[in-house]
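The structure appears below as structure tokens.
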Amino acid sequence: MPEQCELAAGNQYFVDPVNGSDSIGTGSGKAGGAAMAKCAFRTLTRAMRWIGDNPPSGTTITNTTTRPGAKARTRTTTTRISRPERSPRSAPARC
């Protein structure tokens, strides 16, 4: 029986557009304590949906892109997610 993907730890999520999976990935990039690319998300859209509208402070998404034909070379980009400051809503103007 194949290992299940672990949940991401410490609000650290991984996206791998080449080998990740939006259907079974949890963003951890791990299964059974070992690295497993299919446990990363395939798309940033899926990662953002999984994380939700109010991510905890310090949440990051690491996008690892494996270049086709160059298995040993990867390009990694890490993005820190932060909530925008909310301004108080004013009452609508009445005519």
Amide H contacts under 5 Å for residue 13, placed H, 5+ residues apart: 60, 61, 62
Where the Cα pairs of the stretch 1-65 fall when distances are cut into 10 Å bins, in %: 26, 56, 17, 1
Environment charge of residue 46, counting only residues whose C-beta is closer than 14 Å and scoring Lys/Arg +1, Asp/Glu -1: +1
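Laboratory data are not the source of any read-out in this text; all were calculated from the coordinates shown. It should be emphasised that the depicted structure is a prediction, and the values quoted were computed from it without experimental measurement. Because the Cβ atoms are built from the backbone with ideal geometry, glycine has one as well, and the counts that use them run over all protein chains shown.
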